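The values are calculated or read from the model by the stated rules, or taken from the named source; none is laboratory data. What you see is a predicted model, and the numbers here were worked out from it, not measured in a lab. When we count neighbours, we look across all protein chains shown, and the Cβ atoms used for this are built from the backbone with ideal geometry, even at glycine. Only protein heavy atoms, including side chains, enter the accessible area calculation; ligands, DNA and RNA are left aside. Shrake-Rupley method; radii C 1.70, N 1.55, O 1.52, S 1.80 Å.
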Amino acid sequence: ASDVDAVVLATPVSTHCSLALLALGAGKHILVEKPLAASAREARSIARAADRLGLTAMVGHTFVSNPAVEAVRERIASGGRGGA
């Protein structure tokens with residue numbers, strides 16, 4: 001749709017590249033849940049297309065700043081054991 005600026009792809013990884021390229025080709029910025037693509041070659045293809053079209057292609061790194069994951073990371077780093 002013409003009133004849509006961006007597309008979020010949360011689909012099986014085997015579809016990420018083709019759907020990302022379709023969305024970019026339609027002039028939409030994209031956010032793809034990780035992994036970005038099934039291979040480095042596919043990832044480069046997405047990055048090149050976004051760059052060529054002047055669009056943004058982002059990857060969702062949901063666990064980088066997830067509070068639950070951060071709490072586990074801190075507990076492991078401090079040598080903590082046991083329940084919460």
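Worth a mention:
- Residue ID - surrounded by the fewest Cβ atoms within 10 Å (Cβ to Cβ), chosen from residues in region 25-55 that are closer than 20 Å to residue 4 by Cα and small (Gly, Ala, Ser): 54
- Within region 19-42, tally of residues that are under 11 Å from the mean Cα position of the chain (by Cα) and in contact (Cβ under 8 Å) with a residue 24 or more places away in the chain: 8
- Residues that are open to solvent by 60 Å² or more (accessible area, probe 1.4 Å), touching a residue at least 12 places away in the same chain (Cβ under 8 Å) and either touching a Cys at 6+ places or on another chain (Cβ under 6 Å) or over 13 Å from residue 57 (Cβ atoms) (or both), drawn from region 1-18: 5, 10, 14
- For residue 21, the requirement of being at pLDDT 95 or above and open to solvent by 80 Å² or more (accessible area, probe 1.4 Å) is not met.
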